[in-house]
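Enquirer: Take a look at this one; I'll ask things after.
Read the figures in this text as sums done on the coordinates, not as results from a lab. Bear in mind the structure is a predicted one, so any value in this text is a computation, not a measurement. Every residue, glycine among them, receives a Cβ derived from its backbone with ideal geometry; neighbour counts consider all protein chains shown.
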Amino acid sequence: MITFESSIHALRRENFLEQLGAAAAVIPAAALVTHHADCEWPFRQDSDFFYLTGFDEPDAVALLLPHRPVGERYILFVQPKDAAAEVWTGFRWGTEGAMERYGADLAHPLDELSQRLPEYLSGAEAIAFRVGRHPAVEPLVLSVWGRQLDSYARSGDAALGLVAPTPILHRLRLRKDSYELTRIREACRISAEAHELAREITHPGMNESQVQAAIEGHFRSSGARGPAYGSIVAGGDNACVLHYTANTGSLADGDLLLIDAGCSLEDYYNGDITRTFPVNGRFSGEQRDLYSLVLAAQEAAISTVRPGGTAEEVHATALRVLVEGLLELKLLAGEADGIIERGDYRHLYMHRTGHWLGLDVHDVGAYRLGEQPAPLEPGIVLTVEPGLYVSDRLTVPDGQPAIDERWKGIGIRIEDDVAVCDFSDQSCGYDVLTAGAKKSLSAMEN
Ligand code: GLY
Ligand code: MN
Ligand code: MN
């Protein structure tokens, strides 16, 4: 059962309500998603809904109503208790549980939503609802709003704006409090252990699927829900396919193995780690050169993480180290500034250096504020994940050297999860939450 701290979610709702002004928010839970026929994927709660409620059942709807009196501001619509249904699909908290455990001021069965929504939304100056994401709830919200507008001339009561709740909510979600940091740290700890385990068991002749099984087995046996995203276990040239998730190849003597895997905890906090190491325990000369370069780029990039820094600076730092190193190795030619400006490195490094991490692996929150990159603030967690992928899938840009065969089939990424820290807590401005997964050149060999 999920670790559930009612007060954490209550505080989040308080902050959200305060910033909503006089807009009434309608925040739906996720629905179950069909896998095939009448089988469903394991349930995955909507992260916005979970952030505010901690409630982990499908189809529920939360109303946050700053225009209502205290005691009527947090309403949950939930699947009601139903012994016959619970025999098939499991326990439900029902309306009583929604109030007693989850702190709703009032809770109602889901099938009363259309009947009760007009009254709850009455008196709000705007409706905060994310259009385009919640097909079951959206027609109800739009119909209530439309009817309010129809009768506005006579009633004088209608929400005049439909606004997105997400800018407020995602600004809140971007900065993690100490509770969230503890949970992400736990996800990172388990994820790092799985990477250590994977390196210990890997040997030539194994299948990628066997390594994947060990990693994901560790996630489950450590109490996590499972992988936070499709684990990537990519031997040799498979590592040059960024989203390779088939994980069916045989691990060859002489190849590298790239593993991008992290767990998701019961309360959805995630780890996201990539490590790359030689299947046979020894780097070749070319593998060693490129591994050392990616590691240098990653360490330089991490060292720029601090309050007031930017994700843009993290990326630019990694990119410059990579380009300068590739020039030395003669995989690029020319001068670094021009190569970076023209993007003439993109056949070797084609992705950005990281993303926010939280309840979503690619977490919410703005990377830019208008023209400016958003400043890093204490509590933001980001990944730092440079890589190099040498294959002939992409055309070598004009003026750049053809790639010698000896480099091909080398795909390397090194990814850590890094919290931005107040300088008073951590003199360097960052904390690597995934430090439990080793990455030094010597640790990758045995
Ligand atoms: N595993 C997904 C990513 O690294 O962004
Ligand atoms: Mn990542
Ligand atoms: Mn990753």
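Enquirer: Using alpha carbons only, how many angstrom separate the centre of region 382-446 from the centre of region 304-368?
Expert: Centre-to-centre (Cα) distance: 10 Å.
Enquirer: While we're on this one: Using the eigenvalues of the Cα gyration tensor, what equivalent ellipsoid semi-axes result for region 55-192 when each is taken as the square root of five times the eigenvalue, whole Å, largest first?
Expert: 30, 22, 14
Enquirer: Okay, next question. I'd like the antiparallel share, as a percent to the nearest 5, of DSSP beta bridges with both residues in region 56-182.
Expert: Of the beta bridges lying entirely in region 56-182, close to 35 percent run antiparallel.
Enquirer: Net charge around residue 244, counting only other residues with Cβ within less than 10 Å of its Cβ (Lys, Arg = +1; Asp, Glu = -1)?
Expert: Charge balance in the 10 Å sphere: -3.
Enquirer: Another question about this same structure. Within region 1-102, which chymotrypsin sites (Phe, Trp or Tyr not before Pro) sit in a loop by DSSP and count at most 13 neighbouring Cβ atoms inside 10 Å?
Expert: Here the chymotrypsin sites (Phe, Trp or Tyr not before Pro) that fit, given the DSSP loop and packing criteria, are 91.
Enquirer: Using only the C-alpha atoms of region 217-293, find the volume of their convex hull and express it per residue in Å³.
Expert: 104 Å³
Enquirer: Here is a follow-up. Could you please rank 263, 39, placing first whichever residue has the fewest other Cβ atoms within 10 Å of its Cβ?
Expert: Least to most surrounded, the residues fall as 39, 263.
Enquirer: Inverting the mean 1/r over all pairs of different Cα atoms, compute the Kirkwood radius of region 1-125 and quote it in Å.
Expert: Computed over Cα pairs of region 1-125, the Kirkwood hydrodynamic radius comes out at 15.1 Å.
Enquirer: Taking θ as phi - 60°, what are the ³J(HN,Hα) couplings along region 232-238 by the Karplus curve (6.51, -1.76, 1.60), each to the nearest whole Hz, with x for Gly and Pro?
Expert: 10, 10, 10, x, x, 5, 4
Enquirer: If I histogram all Cα-Cα distances within region 295-371 using bins 10 Å wide from 0, what percent of pairs lands in each bin?
Expert: 17, 44, 30, 9, 0
Enquirer: Then there's this: For region 86-163, what's the radius of gyration and Dmax over Cα atoms, in angstrom?
Expert: 15.4, 50
Enquirer: Restricting the calculation to Cα positions, tell me the Rg (one decimal) and the Dmax (whole number) of region 313-446 in Å.
Expert: 17.0, 50
Enquirer: Could you give me D for region 195-344, from Stokes-Einstein at 20 °C and 1.002 mPa s, where the hydrodynamic radius is the Kirkwood radius over C-alpha pairs? Units µm² s⁻¹, please.
Expert: For these conditions, the coefficient is 126 µm²/s.
Enquirer: Hey, could you pull the Cα Rg and Dmax for region 176-249, both in Å?
Expert: 13.7, 45
Enquirer: Cα-based Rg of region 247-328 per 2.2 N^0.38 Å, rounded to two decimals?
Expert: This ratio for region 247-328 stands at 1.35.
Enquirer: Turning to a different aspect of this structure: Cα convex hull of the chain: mean projected area in nm², to one decimal?
Expert: The directionally averaged projection comes out at 24.6 nm².
Enquirer: Of 308, 271, 379, which is the most mobile in a GNM of the chain whose springs link Cα atoms less than 10 angstrom apart?
Expert: The residue that fluctuates most here is 308.
Enquirer: Continuing with this model, one more query. Hey, in the GNM for the chain with a 10 angstrom Cα cutoff, which one of 142, 388, 256 fluctuates hardest?
Expert: 142
Enquirer: Would you mind pulling out the separation of the Cα centroids of region 38-110 and region 132-167, in Å?
Expert: Centre-to-centre distance over Cα atoms comes out at 22 Å.
Enquirer: What is the antiparallel percent of DSSP beta bridges lying wholly in the chain, to the nearest 5?
Expert: So the antiparallel bridges in the chain amount to around 80 percent.
Enquirer: Hey, another quick one. With θ set to phi - 60°, apply the Karplus curve 6.51 cos²θ - 1.76 cosθ + 1.60 along region 264-280 and write out the HN-Hα couplings as whole Hz, x wherever there is a Gly or Pro.
Expert: Karplus values, whole Hz, x for Gly and Pro: 10, 7, 3, 9, 6, 6, 10, x, 8, 10, 10, 10, 9, 8, x, 4, 9.
Enquirer: Also: May I ask for the equivalent-ellipsoid semi-axes of region 1-62, computed as the square root of five times each C-alpha gyration tensor eigenvalue and listed largest first in whole Å?
Expert: After diagonalising the Cα gyration tensor, the semi-axes are 27, 15, 6 Å.
Enquirer: List the trypsin sites (Lys or Arg not before Pro) within region 245-313 that fall in a DSSP loop (any state other than H, G, I, E or B) and whose Cβ has at most 16 other Cβ atoms within 10 Å.
Expert: 282
Enquirer: Between 371, 18, 313, which gets the highest mean-square fluctuation from a Gaussian network model of the chain, Cα cutoff 10 Å?
Expert: Taking springs between Cα atoms under 10 Å, the residue moving most is 371.
Enquirer: Taking the Cα centroid of region 7-22 and of region 175-243, what is the distance between the two, rounded to the nearest whole Å?
Expert: Measuring centre to centre over Cα atoms gives 34 Å.
Enquirer: Ignoring everything except DSSP H segments at least 4 long, calculate the 222 nm mean residue ellipticity for the chain; use -39,500 (n - 2.57) per segment, divide by total residues, nearest 500.
Expert: -10500 deg cm²/dmol
Enquirer: Per 10 Å bin, what percent of the C-alpha pairs of region 100-143 does each bin hold, from zero upward?
Expert: 22, 50, 28, 1
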